[in-house]
Every structure is written in C-alpha cells, then in structure tokens.
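Some notes on the structure that comes next.
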Amino acid sequence: MPTQQGSPTVRRLRLGQELRFLRERRKLTGARAARDLGWSASKVSRIEAAKTMPSADDIKAMAKLYRVDGDKLDELVGLLRDAEQRGWWEDYEDSLPEEYTRFLGLEAEATYQRNWEPQAVPGLLQTEDYAREVVLATRGIARITHSGVRSRVEARLDRQKRVLHRSDPCRMSVVLDEAALMRRFGEPAVMREQMEHLLEISLLPHVSVHVLPLDALHPVNTGAFIHLKFTAFDDVVYLEQLYTAHFVDDLERVAGYESAFDHIRSEALDVDESRVLIQRKAMLWRR
C-alpha cells in the first residue's frame, strides 16, 4: 500500500501563507514589499497565493526584508524544496481540469473528508466500469477523447489506491442520496457490481457510508461538495460544476458547509441501515 507523502500542493500553499504572514508581521503592504525587493506587486501577490513558485534566491531576499532568523529561513527553504516535488496526480494533468488536479493535491494530505453526493456514487467509491460510464456520460458535452476517457478512469483508480488504501488513510464520511443508487450508469450488471463494491468499501474502518432516503426530510438544498480537513492547514471545501470548479476557503463559509453536512447526515440512515438499503438496491439491479 502507498504511504502518505507530504503534498507539494499543500506545501506551496503553506509557503505562500508563511510569506504573507511574515510580510504582514513587518507591517508591509504587498506593494511596499515589492518596491523594496525591486519586484512587481503582482509577483509578491502570486507567490503568496501559490500561483507562482519562488526561487531559493527569492525566498532569501524576502527573508532578509522580513528580518527572519536562520531557523525560519531553513523552514521556508524546506517548504520550497517539498513544494518543488512532483505529485502523482501530475501524471494526469493533461487530461484533467486544472482545479481538479489542485483538489487531488490537497486531498493527498487531508486527514478527514466529508462528501455529500446527491447524483452519483463518489469517485473514491466507484468501480472501474461505473467510473468509465460516468465519464462517458459527459463526453459529448465536455468533448473528451477516447484517450481522455481512459486517462480519467486510470486517474480515478489511482486516486482510490492512494487515498483509501494508503498505510495512513484519511477518515472519510460520505452521505449519498438514495437517488444516486437508482440512477443507472451503464448496464444493470455495472450497477449491481457498483452496489456490491459500495458495500465492501463501507466496511473499511476509516470509511462511513450513509444514505439519505428519498422519503427523508432534506434539511439543506445544496449540490455535491467535499469538505477537506487538515492538521496544519485551514479547511477547504471543493465545489464542482459542469465546466468549472472552485474552492471555498473563507472560514465562515467553510463552517457553513460543515454544518450543512452535519444536518444532512442527521437525516440519513445510520451505517448499518444504509448497508441494508444498498443491499436491496443491489438485488434490484439483478433483475
């Protein structure tokens, strides 16, 4: 099983946050820091937002301006070194949307994730055939090539291996709408296999699967979202639409999504009742 590695995506974000904190501690605006460094204001802004990778010389120049000691400089250089590493998801970046690869980089270091999914079985819990049918369902709209379909499915399976089955997996809580178990992707045999796989995954000690029945009260009217929690980084919520995806990192809004998930889960079946319902759906797909 793969072990968890420090995610370069998270290191880049942490490096940017550290540099912004050090600048603000010196009571310098971004424009003033850029002027003193002889840079453009956009360069400082992009480094702090993790949109541009600084060089080691850039780090040293900023550390000198912000008057940091040798230990702190070593920490910043260490973050830069880790940020320059290549993540497994970058092997698929030619076929995956940019925001999704960023999500994979964040997920690689998450310690807990909460996933609400009203339409389909979440990617981490999909079988290969089901995943292929889900990708094919959007192929005509998103204009994905045959090789693109194959690459996206391979990326999804690789993600499962590296997130669900690593030696120190993150805890995962999923709430599925019952409709997601009834919406057909592919032949009935694909759906039956998916239901059986879902039952197997739900038995993993770090995974809990809940189903929100169709006849239950729906406490929050919201689309799918994934809430990622970290030990040394602020929580992030990932939202995905047809053509775009974006992240919510405002603390108040993230807390709102956390409350929304808790409300949805409170109306869902418990894990044992959910397994019974999933098993019933598997039997229906045998017909």
**Complete:** Per the filter on the stretch 20-65, residues exposed (fewer than 15 other Cβ atoms within 10 Å of the Cβ), under 21 Å from R102 (Cβ atoms) and among the aliphatic types (A, V, I, L, M) are A49
**Hits in the stretch 213-246 - residues which are within 17 Å of G123 (Cβ to Cβ), exposed (fewer than 15 other Cβ atoms within 10 Å of the Cβ) and in contact with a helix residue (DSSP H, G or I) (Cβ under 8 Å, 6 or more places away or on another chain)** = L242
**Request:** Please enumerate the residues belonging to the stretch 97-147 that are among the polar types (S, T, N, Q) and part of a loop (DSSP other than H, G, I, E, B).
**Result:** T111, Q119, Q126, T127, T138, T145
**Prompt:** Only one of P205, P169, P219 is assigned to a loop (DSSP other than H, G, I, E, B) and more than 21 Å from the chain's Cα centre (by Cα); which?
**Reply:** P219
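The rows are residues; the columns are (1) crowded, with 18+ Cβ neighbours inside 10 Å; (2) farther than 30 Å from E107 by Cα; (3) at pLDDT 95 or above; (4) among the basic types (K, R).
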residue: V68; (1), (2), (3), (4): yes, yes, no, no
residue: D74; (1), (2), (3), (4): no, no, no, no
residue: G78; (1), (2), (3), (4): no, no, no, no
residue: Y92; (1), (2), (3), (4): yes, no, no, no
residue: L96; (1), (2), (3), (4): yes, no, no, no
**Item:** L181 touching a residue at least 40 places away in the same chain (Cβ under 8 Å), open to solvent by less than 60 Å² (accessible area, probe 1.4 Å) and not in a strand (DSSP E or B)
**Value:** yes
**Item:** Selected residue [modelled with pLDDT of 95 or more, acidic (D, E), in contact with a helix residue (DSSP H, G or I) (Cβ under 6 Å, 6 or more places away or on another chain) and more than 20 Å from Q113 (Cβ to Cβ)] from E196, E273
**Value:** E196
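The values are calculated or read from the model by the stated rules, or taken from the named source; none is laboratory data. Please read these numbers as outputs of a predicted model, since none were measured by experiment. Ideal geometry is used to build each Cβ from the backbone, glycine not excepted, and the neighbour counts take in all protein chains shown. These area figures cover heavy atoms from the full protein model, side chains too; ligands, DNA and RNA do not enter into them. Shrake-Rupley method; radii C 1.70, N 1.55, O 1.52, S 1.80 Å.
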